[in-house]
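J.: Attaching a single structure in structure tokens format; questions to follow.
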Amino acid sequence: MEEIYCFAGNPLDRVSQRRQDACWVTSLLEDPESRLLPLHGLKPQTRHSSAVALDWQGVAPWRPLIDSGATLILLGVREGRAYFALDATAAELPAGGETETMDARAAAAMIDGGEAAILAEARSLVDWHARHRFCAQCGTPSVAASGGWIRQCPNCKAQHYPRVDPVVIMLAVKGERCLLGRNRRRVGTRFSCLAGFMEPGETLEEAVRREIFEESAIRVGLVRYLASQPWPFPSTLMIGCLAEALTEEITIDPEELGEARWFEREEVRAMVEHSRSDDPAPFVVTLPPPLAIGHQIARRWAFGIDSI
């Protein structure tokens, strides 16, 4: 069975074939059954009662902000009910009670998996609108259309669509050892799979080989795709792979890595356990938290679930 990673498994029908119907989108906004998720500075509003959950609200209280031009996204429909996301940064934050705003990473670790995937969609799109308010072709302020999935230029008529940046994230393996690196900007002892953005004209395999060689000088042969994960910071698709290392001598790129090392399989198993701890002991080498695909790639290799 396919393993579903955090931020994946979105249960909504994105209704892409109907978004361009402005009258239909308006009718959804007027439906009292529709629900809206406010994001304050890209942080979702959450409810805390017996468990943490996204704070889905009715649309009506937010109409003044919507009518003022705040970014509004039609996320999709489920069981006949529409779900929207709203950039509520300009609104007053909720005070106390069972409602608060949370960092998306922290929220994702606590909420239902399907809701975490919806949150990834909402955060990525709201952030994209904030970064792309002007036409890239002529510089004119653009306007949102098609339920928030397009920005249109009123001057040159260009249409701009949300972008997703593909990133390869890979574990190079040689025998019973794997290659992990520590980001030079991260203080501490957290190691992870090497990763990097794909470049135009590259295949996945070529990007994996190039990134591993650039960061560590390790040559790679066979590359095996494993799984992917949406990562809404701001909007990347993490493409997980295993790679067959052909060489062993490491020379790091100091602009990218603070350190890179070979780790035995047993060491990685221990790192998995330490990474699950809320408060690992000082100087203990860990992996990223379990919500990150880098953790899962290393875990699955360490416990023999995946191999190159």
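Read-outs throughout are calculated quantities, based only on the coordinates presented, and are distinct from any laboratory measurement. Fair warning: this is a prediction, and the values are worked out from it, not measured in the lab. Please note: Cβ atoms are built from the backbone with ideal geometry, for glycine as well, and neighbour counts cover all protein chains shown.
J.: Give me the number: length gained by fully extending Ile250 to Asp165, i.e. 0.36 nm times residue separation minus the C-alpha to C-alpha distance, one decimal in nm.
T.: On the way: separation 85, 0.36 × 85 = 30.60 nm, distance 2.80 nm.
Full extension of this stretch gives 27.8 nm more.
J.: Enter the angle in degrees (range 0 to 90, nearest 10) between the Cα long axis of helix 113-131 and the first principal axis of the Cα atoms of the chain, meaning the one along which they spread out most.
T.: Tilt relative to the chain: about 70 degrees.
J.: To the nearest Å, what is the center-to-center distance of segment 234-265 and segment 130-196, using C-alpha atoms only?
T.: Taking the Cα centre of segment 130-196 as reference, the centre of segment 234-265 is 20 Å away.
J.: So, in nm, how far is label Phe197 from label Arg63 when the simple model puts each one 7 Å beyond its Cα toward the Cβ?
T.: Using points 7 Å along Cα→Cβ, the separation is 4.2 nm.
J.: Another one. Given Cα pairs under 8 Å that are at least 6 residues apart, what percent is the relative contact order of segment 168-280?
T.: Values: 202 pairs, mean separation 37.6, N = 113.
Reported relative contact order: 33 percent.
J.: Turning to a different aspect of this structure: Tell me what the chain gives for mean residue ellipticity at 222 nm when only DSSP H runs of n ≥ 4 count, each as -39,500 (n - 2.57), the sum divided by the residue total, rounded to 500 deg cm²/dmol.
T.: -7000 deg cm²/dmol
J.: Which percentage, to the nearest 5, of the DSSP beta bridges contained in the chain is antiparallel?
T.: Numbers: 46 of 61 bridges.
Antiparallel bridges make up about 75 percent of those DSSP assigns within the chain.
J.: Take every DSSP beta bridge with both residues inside segment 162-256 and express the antiparallel ones as a percent of the total, to the nearest 5.
T.: Numbers: 17 of 26 bridges.
For segment 162-256, the DSSP antiparallel bridge percentage is about 65.
J.: Right, another one. Go through 201-209, 18-26 and give me the packing order, highest mean Cβ count within 10 Å leading.
T.: Put in order of decreasing packing, that is 201-209, 18-26.
J.: Could I ask something else about it? How about segment 168-202: which trypsin sites (Lys or Arg not before Pro) there lie in a loop by DSSP and see at most 10 other Cβ atoms within 10 Å?
T.: Working: sites: Lys174, Arg177, Arg182, Arg184, Arg185, Arg186, Arg190; in loops: Arg184, Arg185, Arg186.
Counting only loop positions with at most 10 other Cβ atoms within 10 Å, the trypsin sites (Lys or Arg not before Pro) in segment 168-202 are Arg185.
J.: Got a sec? Which residues in segment 107-121 would a label at Ile4 touch, if it sits 7 Å along Cα→Cβ and we count backbone N under 16 Å?
T.: Within reach of a label on Ile4, which here means backbone N under 16 Å from a point 7 Å along Cα→Cβ, segment 107-121 contributes 108-121.
J.: Another question, if that's okay. If one puts a single equal scatterer on every Cα of segment 219-258 and applies the Debye formula without solvent, what log₁₀ I(q)/I(0) results at q = 0.14 Å⁻¹?
T.: The Cα Debye sum returns log10 ratios of -0.52.
J.: Compute the acute angle (0 to 90°) between the alpha-carbon long axis of helix 293-302 and the principal axis of greatest extent of the alpha-carbon atoms of the chain; round to the nearest 10°.
T.: Helix 293-302 sits roughly 30 degrees off the main axis of the chain.
J.: Further, regarding this structure: Enter the angle in degrees (range 0 to 90, nearest 10) between the Cα long axis of helix 265-275 and the first principal axis of the Cα atoms of the chain, meaning the one along which they spread out most.
T.: 40
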